[in-house]
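So the structure is just underneath, and the comments pick up after that.
The values are calculated or read from the model by the stated rules, or taken from the named source; none is laboratory data. This is a predicted model, so every value here is computed, not measured. So basically every Cβ, Gly included, is an ideal-geometry build from the backbone, and we count neighbours across all protein chains shown. What goes into the accessible areas is simple: the full protein's heavy atoms, side chains included, and nothing from ligands, DNA or RNA. Shrake-Rupley method; radii C 1.70, N 1.55, O 1.52, S 1.80 Å.
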Amino acid sequence: MVRVVIGGGGWAGTGAAVAAAQAGAEVTVLERTDMLLGTGLVGGIMRNNGRFTATEEAIAMGLGDIFHVVDQCARHKNVDFPGHRHATLYDVAKIEPAIRHLLQKKGVQVRTRSRVKDVIMDGTRIQALVLDSGEKVEGDVFIDTTGSAGPMPNCTKYGNGCAMCILRCPTFGGRVSIAARAGVKEFMGRKADGSIGAMSGSCKLHKESLDKKIVEQLDKEGVAVIPIPEHLRKGKDILAKKACQQYALAEFAENIILLDTGHAKLMSPTYPLDMLRQIPGFENARFEDPYAGGIGNSMRYMAMAPRDNALKVEGVDNLFCAGEKAGPMVGHTEAVVTGGLAGHNAVRYALGEELLVIPENLAIGDFIAHVNEKIKSGEGLGQKFTFSGSVYFQRMVEKGLYTTDVETIRQRVEENGMARIFGRPLVQRQLVI
């Protein structure tokens, strides 16, 4: 039996767990909070722009069960908003139990309130992860999907202090990097002005605190665009601080752009509450996440690990990574697909097989390789990469990788020998009766 242990139960950990379980491994997910999905609990955007292509590639490669759950939890599909087309908006209140059920159905052991605080090493190999309780969780191979946001001192040093976001560091303890504990020298991302880190790209408002007409529009159409009086516009300076540079467009500085994910998703990293309440329709506005969204937001890209294009962490024999841990990559889709590759390759590594590198004439393969190339050149540390916009989506379009033709995407995957690659068992799982 191959034992895969995943630190972090966000979207990247979910992708890794599903792929490793489908490959036949015994999988354990260790999540420090009491819920899975991390920022996916307040995110909610899928399939916009190039994420559609990446999603359909991932489905064709064997990760379809994850995206089918997302579709089942969707509040709106084929939503257009400034700079973005054909988005799916999932319900943030329904997605976590649905994903938890999927992992349990796959035979994954999900352990919440299990914060990893240290590792036990044998030379350059990890033997076990150590929890806050002192328990040692052993495995054959490990995956670091602990993310790059938090703990609280980073938000204080590089941001505006703890904004009380969904990561809930004061309650469950801050993120601890498995790679760093294993001796890996991690690196930090930078904003456009060269300063360290980037703020999470959006806030959530209580829909009930907004004008009834705005709520009705959100419920019906999934999006609402409300012009900001000129004297209240904050300008593009706030957009430069965003982790989500695909939304750093003029329309987002000139309008309040809301998306319906159950909450009213405000596409700004922060907005002073006294200013927000001067905008018609927002007189009673109240933040849902972060609770101090009028002051700041969580700081991201604080701890990324050097890795190869198979997502194996450099310097540790049996450690892989995915999601934000693998580079300045933005979004749920990006986390799921990198998690899928890391989970699959973890099993290959344990079996002594050659690691999989996804061909670069598929969007997912090109994305993983391109981000790595930019990071190692140093140029990528000040950029953010996503299928949905900014510099990488431009690359997708220029290379002809972006398409919404599902049959074309499936043919590409099949032609590259990647069809159902993440759905094929590599080892037969032993059943204990």
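Each residue in the stretch 298-325 was checked for being outside any loop (DSSP other than H, G, I, E, B) and within 25 Å of L89 (Cα to Cα), and 5 of them qualify. Being surrounded by fewer than 20 Cβ atoms within 10 Å (Cβ to Cβ) and under 16 Å from the mean Cα position of the chain (by Cα): is that true of E96 here? Taking the combined requirement at face value, the residue satisfies it.
Give me the residue from the stretch 388-406 that is of a type in the set (S, T, N, Q) and open to solvent by 50 Å² or more (accessible area, probe 1.4 Å) and, out of that set, nearest to G331 (Cα to Cα). Spell out how you get there, then give the answer.
Within the stretch 388-406, the first condition is being of a type in the set (S, T, N, Q), and the residues that meet it are 388, 390, 394, 403-404.
Then drop every residue that is not open to solvent by 50 Å² or more (accessible area, probe 1.4 Å), which leaves 394, 404.
Details: Q394: 16, T404: 19 Å.
Only one residue fits best here, namely Q394.
The residues in the stretch 334-362 that are in contact with a strand residue (DSSP E or B) (Cβ under 6 Å, 6 or more places away or on another chain) and β-branched (V, I, T) can be counted, and the count is 0. For the stretch 30-51: of the residues being farther than 13 Å from F172 by Cβ and of a type in the set (K, R), which is most open to solvent (accessible area, probe 1.4 Å)? For the stretch 30-51, the residue satisfying everything is R47.
In the stretch 250-309, which residues are within 30 Å of L356 (Cβ to Cβ), among the charged types (D, E, K, R) and either in contact with a Leu (Cβ under 8 Å, 6 or more places away or on another chain) or surrounded by fewer than 24 Cβ atoms within 10 Å (Cβ to Cβ) (or both)? Hit for the stretch 250-309 is D308, nothing else. Output yes when any residue across the stretch 378-387 is over 19 Å from G331 (Cα atoms), open to solvent by 20 Å² or more (accessible area, probe 1.4 Å) and at pLDDT below 95, and no when none is. Within the stretch 378-387, one or more residues are over 19 Å from G331 (Cα atoms), open to solvent by 20 Å² or more (accessible area, probe 1.4 Å) and at pLDDT below 95. Of the listed requirements (1) open to solvent by 10 Å² or more (accessible area, probe 1.4 Å); (2) hydrophobic (A, V, I, L, M, F, W, C); (3) under 17 Å from A58 (Cα atoms), I409 misses just one: (1). All conditions but one from (1) under 28 Å from R75 (Cβ atoms); (2) in contact with a helix residue (DSSP H, G or I) (Cβ under 7 Å, 6 or more places away or on another chain); (3) at pLDDT 85 or above apply to L259; the one that does not is (2). Only one of the listed residues (G315, G323, G327) is out of contact with any Ser or Thr (no Cβ under 6 Å at 6 or more places or on another chain), open to solvent by less than 10 Å² (accessible area, probe 1.4 Å) and more than 30 Å from K212 (Cβ to Cβ). That residue is G327.
No other residue among G139, G159, G150 is over 20 Å from D34 (Cα atoms) and modelled with pLDDT under 95 apart from G159.
On the given criteria, is G340 under 17 Å from the mean Cα position of the chain (by Cα) and open to solvent by less than 30 Å² (accessible area, probe 1.4 Å)? Judged against the criteria, G340 is a match. Only one entry of R85, R113 meets the criterion of being over 25 Å from M329 (Cα atoms) and open to solvent by 10 Å² or more (accessible area, probe 1.4 Å), and that entry is R113.
With the condition kept exactly as written, say whether any residue in the stretch 62-74 is open to solvent by 10 Å² or more (accessible area, probe 1.4 Å), aliphatic (A, V, I, L, M) and in a strand (DSSP E or B).
So the first thing to find is which residues in the stretch 62-74 are open to solvent by 10 Å² or more (accessible area, probe 1.4 Å), and the list is 65, 68-69, 71-74.
Applying the additional criterion that residues be aliphatic (A, V, I, L, M) yields 69, 74.
Right, trim to in a strand (DSSP E or B) and you get 74.
Within the stretch 62-74, one or more residues are open to solvent by 10 Å² or more (accessible area, probe 1.4 Å), aliphatic (A, V, I, L, M) and in a strand (DSSP E or B).
Of all strands (runs of 3 or more DSSP E) completely enclosed by the stretch 126-235, which ones contain at least 3 residues that are crowded, with 24+ Cβ neighbours inside 10 Å and in contact with a helix residue (DSSP H, G or I) (Cβ under 9 Å, 6 or more places away or on another chain)? Break it down stepwise before answering.
On the way: elements: 136-138, 141-144, 203-205, 223-227.
In the stretch 126-235, the matching strands (runs of 3 or more DSSP E) lie at 141-144.
Give D71, D65 a once-over and let me know the one that is out of contact with any strand residue (DSSP E or B) (no Cβ under 6 Å at 6 or more places or on another chain), modelled with pLDDT of 95 or more and under 30 Å from V137 (Cα atoms).
D65
Of all residues in the stretch 31-57, those that are among the acidic types (D, E) have Cβ atoms under 6 Å from Cβ atoms of residues that are in a loop (DSSP other than H, G, I, E, B) and open to solvent by 10 Å² or more (accessible area, probe 1.4 Å), 6 or more apart or on another chain, in E31/T112; D34/T112; D34/R113.
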